[in-house]
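Q: Provided herewith is a single structure, encoded as C-alpha cells, for subsequent inquiry.
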Amino acid sequence: MKLPAKILIVDDDPEDQEFLLEALTEIWPQADNVTKNDGAEALEYIEKNPPPPSLIFLDLNMPLVNGFEFLSKFKKNSDYHQSHIIIYTTSSHPHDKAKTKELGANHYLTKVADLGTLKKKIRQAVENVF
Amino acid sequence: MVDHTYLVKLKLQTAFTTLLKAESAQRGYIITSDKDLLNKFIEARNELPLMAASVDSLLIDNPEQVKNMATTKRLFRARLVWLQNVIDVIPNVTTITLDSLFTRGTKITDSIAAQIALMSNAEDRLLSMRLSEKLTQEKRAASFVLLFSIFSLIVVFFAYLRLKGESNLLKASITDNTVLESMVDKRTGELRSANEKLNVQNDLLERKNAELNSFTFIASHDLKEPLRKIEIYTNKIIRADEDHLTEDGKNNLRKVSDSIQRMKNLIDSIFSYAQIEQELEYEKTDLAQIAADALNNLSEKVQEKNARIDIDELPVINAVPEQMEQLFTNLISNSLKYTQPGKSPLIEIKSEKQFAENGDNCWKIIFSDNGIGFDELYKEKIFQIFQRAHSKSQYPGTGIGLAICRKIVENHHGHITAKSVPGQGSIFTIMLPENFK
C-alpha cells in the first residue's frame, strides 16, 4: 500500500484541524501534514511548494476563498490532477455533496466527533488510493 | 387549495352580482321603460350562463359540489325566466299583481343567495378539512384564509342587502336608475379590493412558511457545530482521563455523553424534516436498491436484534433517491425498535401495482412487522411531529421519524397509512405514483 507523502488540511477551525491531525497521525505517522486556514492560503502554499499534496482535506465554509472556490481554481491546473481531495465539512446537505462532486472532489466526509469513527471513514475514503 | 376555494367563491359571487345587475336593470326598465336598461338586462342575462359554466370546470373532482352547482344553475335559470316573464306580462298587470310578481322573484333570489352560501360553506369545509391535517402554522394560514373568505362573503351579503333595500326604495320613488348602477359598481369594487387583500395575505403566509423552513434548516445546522465540539472533548476526557475520575465523575460523564447523543438525534431529525421541503432532484429510482441501502444503514441493528427481513420485488419509480432511502430507513428502523421481548423481529416489504383514477400507475408498498404494534386510536397521531405512541423511557426516540416519513410521501404526492393490532405487529402502507414530476 502506497502512503500519502504530503497531506494538506484546509480548515479555518483550529479545533477541527487538531482533531483531524490526531486521526491522520495515527493512520500515517510518517506523512508530512500541513494545515492552512482558508482557500487563499492553501492555493498560495501549493503554488510555492511543489510537488502538490497527495491528499487534501477541504472544509467548505471558510473566509476569503471558501471550499467551492478553492476546488474550482485548484482543478483548473492540470499539474494538480494527481491530488486526491476529501471534502471535510459539517454540512450534510445533498446540494453541497452534488456540487463538490461536480467540481471534482473525490470524497465527501461529514465531520464526526469520535476519533475511531473518523479514522474508519478516512480509511474507507482512500482504500483504493493509499 | 386555498386558491381553488377562493376562485370558486369569487366566481360564484361574480355570477351573483351579475344576477343582481340583471334584476335592477329589469326593475328600472319596468319603472322607466328606458330601452337602455332593457339592453343592460339582456346583456347581464346572456353573461350569466357563461359565468356559471366557468365554475363547473373547478368542481369536477367534487361530486357533492357538482350537484350543488346543478341546483344553483337551475335557480339562476328560473330567476332569469321569471325576470323575462315579468317584462312580458307588464302591459297587462295591475300594481298589486306586479308587487306579488316581484315578491315571487325575490324569493328565488333569496334561494340563490342561500345556495351560494351553502356552496361557499362546502368549499370552506373542504378547505378546513384539508388544512387541519397540516402543521400548526399551516392551520393558522388556513384560518386567515377562512376569515378573509368569510369577510368577503359578508361583504357580498351586505352588498346584496343594500342593493335589495335600495332597489325597493327606487321602485317606490321612481328615482334615477343610474344611482343603482353606481351602487352595484361600488360594491363590485369593494369586493374586488377585499379579494386583493386576501391575495396579499396569501402571498405573505407563503413567504412566512418558507422563511420558517429555512430558519429551521439553518438553526439545526448551526447547532450541530458546537455540539460536535462538546462531543469531541467529552470523548477525549473519556478516552484519556477516565482513570483519574471518581465513580460519580464517570457516571456523570456518561450522562453527558447520552444527552449529547439524544440532542444529536433530535437536531439531525429536525434538520431532515426541514430539508424535505428544499428542492431536490427527481430521478428514476430503483426501490430494491433503496431497500438494500437502507438495510446497509441499519446492518448493526439488524444483527444485534437478530432480525429477518424479507423483501419482495420492488418497482422503479420517479422519486428523490435520498428521501426514499430515508423513508425506508425510518420505517425499517421503527420495526427494529418496537420489537416484542424474546421474539426475533420479522419484517416484510411487499409491493403491488395499482391504477389511480386518473389512469396513472401507482405503487402500494407494504411494510409489515411482528412487533409490539400500537393502539389504532393513535394511527393518525403517530405521524404528527413530536407525537409518540409509547413512552420515551421505554423506547427512546425523537418523535420525528414517522412525521418525516409522511412529509416525504406527501412530497411525492402519495400517502401513508398505518394499521396495527397491539401485541401482534404493525402494517405501514405507502401509495406512491410511478411517474411523479
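Q: Suppose the filter is in the same structural domain as B:Lys73 (by TED's automatic domain parsing), of a type in the set (Lys, Arg) and closer than 15 Å to B:Glu123 by Cβ; does B:Lys35 pass it?
A: So B:Lys35 fails the test.
Q: What are the residues in segment B:87-96 that are surrounded by 13 or more Cβ atoms within 10 Å (Cβ to Cβ) and either at pLDDT below 80 or within 19 Å of B:Thr72 (Cβ to Cβ) (or both), if any?
A: Those that are surrounded by 13 or more Cβ atoms within 10 Å (Cβ to Cβ) and either at pLDDT below 80 or within 19 Å of B:Thr72 (Cβ to Cβ) (or both): B:Ile90, B:Val93.
Q: Okay, next question. Looking at (1) farther than 30 Å from B:Ile237 by Cα; (2) surrounded by fewer than 16 Cβ atoms within 10 Å (Cβ to Cβ); (3) within 14 Å of another protein chain (Cβ to nearest Cβ), can you tell me which one A:Val129 breaks?
A: Among (1) farther than 30 Å from B:Ile237 by Cα; (2) surrounded by fewer than 16 Cβ atoms within 10 Å (Cβ to Cβ); (3) within 14 Å of another protein chain (Cβ to nearest Cβ), A:Val129 violates only (3).
Q: A follow-up question, please. Six or more apart or on different chains, Cβ under 6 Å: which pairs go from a residue in segment B:15-42 that's more than 14 Å from B:Leu180 (Cα to Cα) to one that's at pLDDT 85 or above? Could you list them?
A: Once the first residue is more than 14 Å from B:Leu180 (Cα to Cα) and sits in segment B:15-42, its partners that are at pLDDT 85 or above give B:Phe16/B:Ile116.
Q: Have a look at A:Lys99, A:Lys36, A:Lys73 and point out the one that is within 14 Å of chain B (Cβ to nearest Cβ) and of a type in the set (Lys, Arg).
A: A:Lys99
Q: Which condition does B:Leu83 not pass, out of (1) touching an Asp or Glu at 6+ places or on another chain (Cβ under 8 Å); (2) crowded, with 16+ Cβ neighbours inside 10 Å; (3) under 15 Å from B:Met119 (Cα atoms); (4) hydrophobic (A, V, I, L, M, F, W, C), if it passes all the others?
A: For B:Leu83, the failing item is (3).
Q: Any idea which residue in segment A:93-130 is modelled with the lowest pLDDT, counting only those that are among the β-branched types (Val, Ile, Thr) and within 13 Å of the chain's Cα centre (by Cα)?
A: A:Val126
Q: I need the full set of residues from segment A:1-33 which are away from every other protein chain (no Cβ under 14 Å), polar (S, T, N, Q) and surrounded by 18 or more Cβ atoms within 10 Å (Cβ to Cβ), in order please.
A: A:Asn33
Q: Test B:Leu295 against the stated conditions and say whether it is among the aliphatic types (A, V, I, L, M) and under 25 Å from B:Val316 (Cα atoms).
A: Spelling it out, B:Leu295 is indeed among the aliphatic types (A, V, I, L, M) and under 25 Å from B:Val316 (Cα atoms).
Q: On the given criteria, is B:Lys264 over 28 Å from the mean Cα position of the chain (by Cα), surrounded by 15 or more Cβ atoms within 10 Å (Cβ to Cβ) and within 13 Å of chain A (Cβ to nearest Cβ)?
A: Values: over 28 Å from the mean Cα position of the chain (by Cα): yes; surrounded by 15 or more Cβ atoms within 10 Å (Cβ to Cβ): yes; within 13 Å of chain A (Cβ to nearest Cβ): yes.
The answer is yes for B:Lys264.
Q: Filter segment B:40-59 for residues that are within 23 Å of B:Asp3 (Cα to Cα) and either at pLDDT 85 or above or in a loop (DSSP other than H, G, I, E, B) (or both); which is farthest from the chain's Cα centre (by Cα)?
A: Residue satisfying both the conditions and the ranking: B:Ser57.
Q: Still on this structure, please answer the following. Report yes if B:Ser351 is in contact with an Asp or Glu (Cβ under 7 Å, 6 or more places away or on another chain) and among the hydroxyl-bearing types (Ser, Thr, Tyr), otherwise no. Don't jump to the end; show me each part of the working.
A: Working: in contact with an Asp or Glu (Cβ under 7 Å, 6 or more places away or on another chain): yes; among the hydroxyl-bearing types (Ser, Thr, Tyr): yes.
Here the answer is yes, as B:Ser351 does meet what is asked.
Q: Filter segment A:77-92 down to residues that are touching a His at 6+ places or on another chain (Cβ under 8 Å) and within 13 Å of another protein chain (Cβ to nearest Cβ) and give me whichever is modelled with the lowest pLDDT.
A: The selected residue is A:Ser91.
Q: Given the structure, is A:Lys111 within 14 Å of chain B (Cβ to nearest Cβ) and in contact (Cβ under 8 Å) with a residue 40 or more places away in the chain?
A: On the way: within 14 Å of chain B (Cβ to nearest Cβ): yes; in contact (Cβ under 8 Å) with a residue 40 or more places away in the chain: yes.
Yes; evaluated as a whole, the condition is true for this residue.
Q: Then there's this: Kindly list, by first and then second residue, each pair from a residue in segment B:204-228 that is more than 13 Å from every other protein chain (Cβ to nearest Cβ) to a residue that is surrounded by 12 or more Cβ atoms within 10 Å (Cβ to Cβ), limited to pairs with Cβ atoms under 6 Å and residues at least 6 apart or on different chains.
A: Close Cβ pairs satisfying both conditions: B:Leu205/B:Ala141; B:Asn213/B:Ala274; B:Asn213/B:Glu277; B:Thr216/B:Ala274.
Q: To continue, here is another question. Within segment B:198-226, how many residues are surrounded by 13 or more Cβ atoms within 10 Å (Cβ to Cβ) and of a type in the set (D, E, K, R)?
A: Count: 3.
Q: Also: Scan segment B:316-328 for residues that are more than 14 Å from chain A (Cβ to nearest Cβ), assigned to a helix (DSSP H, G or I) and over 13 Å from B:Ile400 (Cα atoms) and report the count.
A: Within segment B:316-328, residues that are more than 14 Å from chain A (Cβ to nearest Cβ), assigned to a helix (DSSP H, G or I) and over 13 Å from B:Ile400 (Cα atoms) number 1.
Q: Next question. For segment B:60-74, which positions are exposed (fewer than 14 other Cβ atoms within 10 Å of the Cβ) and outside any loop (DSSP other than H, G, I, E, B)?
A: Result: B:Pro63, B:Glu64, B:Val66, B:Lys67, B:Ala70, B:Arg74.
Q: For segment B:267-304: of the residues being within 14 Å of another protein chain (Cβ to nearest Cβ), surrounded by fewer than 17 Cβ atoms within 10 Å (Cβ to Cβ) and within 24 Å of B:Ile385 (Cβ to Cβ), which is modelled with the lowest pLDDT?
A: B:Glu279
The values are calculated or read from the model by the stated rules, or taken from the named source; none is laboratory data. Source: prediction; values computed, not measured. Using ideal geometry, Cβ is built from the backbone for each residue, glycine included, and neighbour counts are taken over all protein chains shown.
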